[in-house]
1. Can you work out ³J(HN,Hα) from phi for every residue in the stretch 30-37, in order, using Karplus 6.51 cos²θ - 1.76 cosθ + 1.60 and θ = phi - 60°, giving whole Hz and x for Gly and Pro?
2. Once the other residues with Cβ under 14 Å from the Cβ of LYS25 are scored (Lys, Arg +1; Asp, Glu -1), what is the net sum?
3. ILE108: accessible area at probe 1.4 Å, nearest 10 Å²?
4. I need the phi-derived Karplus couplings for the stretch 173-182: 6.51 cos²θ - 1.76 cosθ + 1.60, θ = phi - 60°, integer Hz, Gly and Pro marked x.
5. Non-local amide H neighbours of VAL26 (under 5 Å, H modeled in plane, Pro and chain starts lacking H): which ones?
6. Using a 1.4 angstrom probe on heavy atoms only, work out the carbon and sulfur share of the accessible area of the chain in %.
7. Tell me which trypsin sites (Lys or Arg not before Pro) from the stretch 64-123 have a DSSP coil assignment and no more than 10 other beta carbons within 10 Å of their own.
8. For the chain, what is the accessible area per residue in Å² when the probe is 1.4 Å?
Amino acid sequence: MNEKKTSVIYRILKWILWLFYPKMKVYGVENLTDKASIIVGNHTQMNGPIAAELYCPGKHYTWCAGQMLHLKDVPEYAFQDFWSQKPKWTHPFYKALSYIIAPLSVFIFGNANVIGVYHDARIMTTFKTTMALLNEGNNIVIFPEHDVKYNHILYDFHDRFIDLAKFHYKKHGEALSFVPLYIAPKLKAMYLGKPVRFNPDAPIAEERRRICQYLMDEITDIACNLPEHTVVPYRNIPKKLYPSNKVKEGSHENSKS
């Protein structure tokens, strides 16, 4: 693929973001393999994509909701995904804001190192683009949480991104590694865990379950073994409801819902 050209204005905006966004320290870089991998992390609202763009080591591209790349799709998606769980009396404000940010969203994501992800026939374009970038040595960063709670750290993962490994193995004969990533904005840090490798001999449904389970549990373990801090959850809920990484004795918050 040709090297992506970015707007000068975008580069200036990215520099301004880097200037004001909290500096993140990255731990566990040694867990990245010497070949392209898929890095899978907790979304932490907008912190995940921002931290990935600014601080993820090596050459990388991030999966991004395709709606954020299209002007007509941004308002509905942005409101539903970012602000729908805010108090109802604030909804008119956030609905208006979702239209205001639409042109900015298209400009930013159109220039950033992202791959649009779709849930219709265009998903094959997502996969083909991702495969080409992997083959060029780029890591791919994915935040696969969706709106089903897993525990006090994470929401459940969509699992179809695991199919990338099946297609990659079929084309190149290489088993991809998936590297867990825990982003802790309150600690100003990102933690890469030990990778898990795709097994091409196992049924794909089994691999989806096995690898996603490993990644969710590994991210949870990384989070729980860190000093006490507030977890920034996937959903944009009121800050007073943000959980701690340390579960109180006798609590069942860490069990799967």
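The values are calculated or read from the model by the stated rules, or taken from the named source; none is laboratory data. Owing to the predicted nature of the structure, the values given are computational and were not obtained by experimental measurement. Glycine also receives a Cβ, built like all others from the backbone with ideal geometry; neighbour counts cover every protein chain displayed. For accessibility, only protein heavy atoms count, side chains too; no ligands or nucleic acids. Shrake-Rupley method; radii C 1.70, N 1.55, O 1.52, S 1.80 Å.
1. 5, 7, 6, 7, 7, 10, 4, 10
2. Working: positive: LYS23, LYS186, LYS188; negative: none.
Residues close to LYS25 contribute a combined charge of +3.
3. 60 Å²
4. Rounded to whole hertz, the list is x, 10, 8, 5, 9, 10, 10, x, 9, 10.
5. Amide H to amide H, under 5 Å and 5 or more residues apart or across chains, VAL26 pairs with MET190.
6. Working: 7800 of 13730 Å².
Ligands and nucleic acids excluded, carbon and sulfur give 57 percent.
7. Numbers: sites: LYS72, LYS88, LYS95, ARG122; in loops: LYS72, ARG122.
Those that pass, being in a loop and sparsely packed, are LYS72.
8. Working: 13730 Å² over 257 residues.
Heavy-atom SASA per residue in the chain reads 53 Å².
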